[in-house]
Amino acid sequence: MVPLGYYLLLSAILFATGTLGVFLRRNVITVLLSIEVMLNAVNLAFISFGRFQGSVDGQVIMFFVVTVAAAEAAVGLALVIALFRHRESLNPDAFTSLKW
Amino acid sequence: MLLFLLFAAVAVGASLMVVLGRNPMHSVLLLIVSFAALAAIYVGLDAPFAAVVQIIIYAGAIMVLFLFVVMLLNAHTEDEGAAGPTPAGKPLVAGVAVAAALVLELAWALARTRGTSGRTGGGGADASVLQSVRELGGVLYRDYSLAFEVTSILILVAMVGAVVLARRES
C-alpha cells in the first residue's frame, strides 16, 4: 500500500504546477487549463484522505468539485469567447479596462 | 507502488507540458493524458466511481468543450503580440515564489503527520465499502442531499450564464 504522504506530495506537485501555469502563461485558455490542473490536485487530496480515513465522503466531495469545475469551465469559456469577440486577442494583459 | 509511481510520473509530466507548452491544442490533449493517469491512481485508491467520473466528465465533457473553443477561436498561434512568450520579471518571480511556498508548506505538513499516517493507513478491511457505488449513492443522497440539490441550481445558473455571455448581440 502506497503511504498517504506520497499521494499528498503528488497532489502538491500538481497544484504547484497549476499555480505556475496561472502566473506564467499569456493565454486565457491555458490559464483556464491550469486551473483545471489545480482542481484535480485538490480532488486527489480529497480522495486519498477519504481512502485513508475509510469513508466515502472524499469521493462525494470530489463529485461536487467536478460539478463546480464543469460550471466554471462553461462560464469561463463563454467569457473567453465574448472577450475574444471584442478584442481579437487571448492575452490576459489585453483586457485591462472594465468598459470600452 | 510501481504502478503509482508510473502514473504519478505520467500525470506530473503531462501537467508540466500542459503548462509550459506553446500550443493550446497540445495543452488540451496532454491534459486528457494527465486526467487519465489520475483516474488510474483513483482506481488504486479504491475509488472506481471517481475514476469513471474523471474520465467521463473531465476527459470527456470538459475537455471537449475546451477543444471546441480552441478550434473556434483558431488560437493555435498562441502568445501573439509584442509581450513575448515568456513573461520576465515580476510574474515569473511571483509564480515561482507561490509554487515554492506551496511545496514547502506541504513538505512541512507531511513531516509533521509522518507519525499519524501509519495509524490511519490500515483501512484495508473496509475497501469493499469504499468501492461500492451503492454506499456512495447512499451518502450522497442522504447526508449531502442539500448540497446535491444546490449543485443542480449551480449547473442551471452556469448554463444560463454561458448562453447569455456567449450570445452575439444583434
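The values are calculated or read from the model by the stated rules, or taken from the named source; none is laboratory data. What you are looking at is a predicted structure, and each value in this text was computed from that prediction instead of being measured. All Cβ positions, even for glycine, are placed from backbone atoms using ideal geometry, and neighbour counts span all protein chains on display.
Worth pointing out:
- Residue list for segment A:62-100, restricted to those being hydroxyl-bearing (S, T, Y) and farther than 21 Å from A:S11 by Cα: A:S89, A:T96, A:S97
- Residue check, A:R51 at pLDDT below 90 and in contact with an Asp or Glu (Cβ under 7 Å, 6 or more places away or on another chain): yes
Okay, residues lined up against (1) under 22 Å from B:G21 (Cβ atoms); (2) more than 7 Å from chain B (Cβ to nearest Cβ); (3) of a type in the set (S, T, N, Q):
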{"position": "A:G5", "(1), (2), (3)": "no, no, no"}
{"position": "A:T19", "(1), (2), (3)": "yes, no, yes"}
{"position": "A:I35", "(1), (2), (3)": "yes, yes, no"}
{"position": "A:A41", "(1), (2), (3)": "yes, yes, no"}
{"position": "A:A82", "(1), (2), (3)": "no, no, no"}
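- Complete set of residues in segment A:56-80 that are at the interface with chain B (Cβ under 7 Å from one of its Cβ atoms) and over 30 Å from B:Q131 (Cβ atoms): A:A74, A:V75, A:L77, A:A78, A:L79, A:V80
Conditions tested, residue by residue: (1) modelled with pLDDT of 75 or more; (2) at positive phi; (3) within 7 Å of chain A (Cβ to nearest Cβ); (4) touching a helix residue (DSSP H, G or I) at 6+ places or on another chain (Cβ under 7 Å).
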residue: B:D79; (1), (2), (3), (4): no, yes, yes, no
residue: B:G84; (1), (2), (3), (4): no, yes, no, no
residue: B:R112; (1), (2), (3), (4): yes, no, no, no
residue: B:T120; (1), (2), (3), (4): no, no, yes, yes
residue: B:D126; (1), (2), (3), (4): no, no, yes, no
residue: B:L136; (1), (2), (3), (4): yes, no, yes, yes
residue: B:V139; (1), (2), (3), (4): yes, no, yes, yes
residue: B:A158; (1), (2), (3), (4): yes, no, yes, yes
residue: B:A162; (1), (2), (3), (4): yes, no, yes, yes
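- A:G54 passes every criterion in (1) over 12 Å from the mean Cα position of the chain (by Cα); (2) buried (at least 20 other Cβ atoms within 10 Å of the Cβ) apart from (2).
- Residues that are touching a Phe, Trp or Tyr at 6+ places or on another chain (Cβ under 9 Å), of a type in the set (S, T, N, Q) and at the interface with chain B (Cβ under 7 Å from one of its Cβ atoms), drawn from segment A:43-55: A:S48
- Members of segment A:25-38 that are over 16 Å from B:A8 (Cα atoms) and either surrounded by fewer than 24 Cβ atoms within 10 Å (Cβ to Cβ) or not charged (D, E, K, R) (or both): A:R26, A:N27, A:V28, A:I29, A:T30, A:V31, A:L32, A:L33, A:S34, A:I35
- From the list A:V37, A:V42, A:V65, A:V60, the one residue that fits, being closer than 24 Å to B:L72 by Cα, modelled with pLDDT of 90 or more and part of a helix (DSSP H, G or I), is A:V37.
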